[in-house]
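Colleague: This structure is in structure tokens; I'll ask about it shortly.
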Amino acid sequence: MAKKRVPSGESCFRTSIGGQALIEGILMRGPERQAIVVRRPDGGLEIRTEELHLVKERYPLLGLPLIRGCVTFLDSMYRGVKALMFSAEFYPEEEQAQPSRFELWLEQHLSNEAFGKAVIGFSVLVGIAFSVGLFFLLPAILTNLLGHLIPMNKLGVSLTEGVFRIAIFFTYLVLISRMKDIRRVFSYHGAEHKTIFCYERGLELTVENVRDMPRHHPRCGTSFLFVVVAVAILVHAALFTLITPPNVFVRMLLQLLSLPVIVAISYEFNRYAGAHDNALTRVLTAPGLWMQNFTTFEPDDSMIEVGIASLKLVLPSVQGQDAW
């Protein structure tokens, strides 16, 4: 068994390397580059690497605490959607949908590169709009309807809205985890976690070593989303204790305006939880880890091979450069 990569006195090396499950593949992102590895239908591996040039390198202001959270979130969304679309090219749907008028117009008026960026940008906006509508606006509407039946004070409205938000989030995860294609994506998610755990424990990156690793990782996107939901409940409770919106539409508008603050606080919490292992962080990250029962599944060996290949491609040139 290989020795740990961490200095004596520390229980485990914590890497900033993270990833995302794709369609039959994994996106892995390191401090210097990111790699996309997709298992082609013929069994081979399709590999694409890209050097990372972060916005904060040109604009240091965007790397400051409480600002970097929103910047990182949008950057990750864009790169994630781009990688997902790349992986989908190898597994086209049997019946191709006809392009919309909007897509045809974009294709006619933009170059191939500009068209690709426009499609990815539009997909990111649609994804954000869907998430905001489902997890923020819908709970506000349901709470407003319930308020006509059961009188509630300000705190009661915020807590009821929070309960609806958590219930919708949980239901959404359970439902999509039962879909066959999504389940395979979530198995690649498990392979990503296991591979990172193996690397953090200083073990050789082999299928046998990775297979024995846990699939729940504290620095996971699922945990981050749960933190966003939890922080939103606290922020909205505080906000609407001070402000009384005249109607539900103003309430929803204020919720939308508070989203950057919620994302920023959630990001900073995740950074702190990722760098510290104590009783407080273990308690606060426990719900997100439990939620991973629905977003990470045990991978097979071929998925683990993809995880290992993608991680090796993004290891830093200087050991320890990826320390959390």
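The values are calculated or read from the model by the stated rules, or taken from the named source; none is laboratory data. This is a predicted model, so every value here is computed, not measured. Please note: Cβ atoms are built from the backbone with ideal geometry, for glycine as well, and neighbour counts cover all protein chains shown. We work out accessible area using only protein heavy atoms, side chains counted, and drop any ligands, DNA or RNA first. Shrake-Rupley method; radii C 1.70, N 1.55, O 1.52, S 1.80 Å.
Colleague: Within the stretch 145-167, count every residue that is under 21 Å from the mean Cα position of the chain (by Cα) and open to solvent by 30 Å² or more (accessible area, probe 1.4 Å).
Modeller: 2
Colleague: Go through Thr281, Thr285, Thr295, Thr241 for me and flag whichever is of a type in the set (S, T, N, Q) and in contact with a Lys or Arg (Cβ under 8 Å, 6 or more places away or on another chain). Break it down stepwise before answering.
Modeller: Working: Thr281 fails: in contact with a Lys or Arg (Cβ under 8 Å, 6 or more places away or on another chain); Thr285 fails: in contact with a Lys or Arg (Cβ under 8 Å, 6 or more places away or on another chain); Thr295 fails: in contact with a Lys or Arg (Cβ under 8 Å, 6 or more places away or on another chain).
On inspection, the qualifying residue turns out to be Thr241.
Colleague: Hey, another quick one. Got a sec? Which of Ser131, Ser158 is among the hydroxyl-bearing types (Ser, Thr, Tyr), over 29 Å from Asp300 (Cα atoms) and touching a His at 6+ places or on another chain (Cβ under 9 Å)?
Modeller: Every option except Ser158 fails the conditions.
Colleague: So Val235 ticks every box in (1) at pLDDT 90 or above; (2) under 26 Å from Tyr199 (Cα atoms); (3) surrounded by 14 or more Cβ atoms within 10 Å (Cβ to Cβ) but one. Which box is left unticked?
Modeller: Val235 satisfies every listed condition except (2).
Conditions tested, residue by residue: (1) farther than 19 Å from Val318 by Cβ; (2) touching an Asp or Glu at 6+ places or on another chain (Cβ under 9 Å); (3) open to solvent by less than 80 Å² (accessible area, probe 1.4 Å); (4) not in a loop (DSSP other than H, G, I, E, B).
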site	(1), (2), (3), (4)
Pro31	no, yes, yes, no
Ala35	no, yes, yes, yes
Asp42	yes, no, no, no
Arg48	yes, no, no, yes
His53	no, no, no, no
